[in-house]
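Worksheet: one structure, shown below.
Only the coordinates and a few stated rules stand behind these numbers; no lab work does. As the structure is a prediction and not an experimental result, all values here were calculated from the model. Counting neighbours? That spans all protein chains shown, and the Cβs are built from the backbone with ideal geometry, glycine included.
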Amino acid sequence: MNYILFDDQKVREDLLPLTFTRPVAEIRFGISTMREKWERFLGEKTSTLTEGYLSKKYPLVKGVDNILINSCVCPTDNLVTQIKNLKTDQALIGDEIIVAMNLSLENLDSMVTSETIEVSLEAETAGISNIWDLFGKLDKTIPIDFKCLTEGRTSQKVSSTNHIMGDFPIFFEEGAKSEFAFLNATEGPIYIGKNAEVMEGAIIRGPFSLGESSIVRAAARIYGPTSIGPFCKVGGEVSNSLVMGYSNKVHDGFLGNSVIGEWCNLGADTNTSNLKNTYDFVRIWNYRQETFVDTGLQFCGLIMGDHSKSAINTMFNTGTVVGVSVNLFGAGFPRQFVSSFFWGGFNGLRKYNINKALQVAEKVFGRRNLEFDKIERDILVHIHDITL
């Protein structure tokens, strides 16, 4: 059977600006991306049905028989069994969304099914509905991923120089290291990925995960639930936040109840407000509705798209949304929604020159020994061209 993860269009638009540069399947939700979760449960590789301009990087593979799975839904053993039992041209429907479809090659393009089956989604399969779920559900997604990743396996030995407390498990992958750190697993598990490092004096409270080759800097204070993706450097104070990967918050400054995309950099003493002085619920910009919407949350900080950066001493107001390839600097709070490819801050914004933005992206990739190829370039050019 050929498995395809497709974008739920409403959810994709509600996850902008993060989904400008990736399909929903590549969104990190807990420790793992949605694709990693599904491939682990299916025991099979998947391809992607997404926006046309993303398809060269995430190509669709068609088969004679195809099962399409909604990328915003999380897998469980029970749900995977129901999906694998679908007959040709049947669809699984739950909570008013299409969960999965079994489609023959001739019906793949039209995505037409002849029969629907209702399924009751379990709490852990409910997945992603809103962008704030990415940090708001970390208390549930990190422990679920932790169990899936570590069950039946033995952690690398944790150095005796660390101060460890709490009854939840701590797992170190091969090459992970930590010396003279405080690891508090009282409230949830702690996962340290392959070749990752927790430097001396860092204080970490679970649930927490640190991705492959990422670094928690000396004397950092990190409060769970927090998930740091691969190849990141994180320091200062972080609380209930998700960093997707390949991004840096190296220096002091507070990041709370936030989501940071890939290839981002927060300058020294960048701070996010995550609570209004009035204690009202936070409103944030929604691309699909083209207005600010109520999150129903008292705590909500910064949502930042890929390739965006802040200068030293940058301040972000509660519930700020920053698009792709934005460069913010200067005194005062920038506006609470900054569209992609803008440069400036409180005193005004101007359009970011696309050629300069591409040059910076190429340098950033080069620092990680990666190639900023034509596919990556075309994605950013497309986002620039559709930005008003």
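Computed values, structure above
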| read-out | value |
| --- | --- |
| Of every Cα-Cα pair in the chain, the percent that sits beyond 36 Å | 23 |
| Rg [Å, one decimal], Dmax [Å, integer] - region 2-125, C-alpha atoms | 13.5, 37 |
| K157/E371 FRET efficiency (R0 30 Å; Cβ-Cβ; nearest 0.05) | 0.25 |
| Two-site FRET efficiency, K276 against E96, from Cβ-Cβ distance with R₀ of 35 Å, rounded to 0.05 | 0.65 |
| Long pairs among K56/K194; K84/K374; K57/K84, criterion Cα-Cα beyond 31 Å | K84/K374 |
| Spacing of the two label points (7 Å from each Cα toward its C-beta) at D139 and F333, in nm | 2.6 |
| Within a Gaussian network of the chain (alpha carbon springs, distance under 10 Å), most fluctuating of I203, I354, I303 | I354 |
| Value of Rg to Rh for region 35-90 (Rh from inverse mean 1/r over Cα pairs, i.e. Kirkwood) | 0.96 |
| Cβ-derived FRET efficiency at R0 56 Å, E106 paired with E237, nearest 0.05 | 0.50 |
| Distance from region 143-166 to region 297-360 (C-alpha centre basis), Å | 37 |
| q = 0.07, 0.08, 0.14, 0.18 Å⁻¹, region 133-341: log10 I(q)/I(0) [Debye, one scatterer per Cα] | -0.20, -0.26, -0.78, -1.20 |
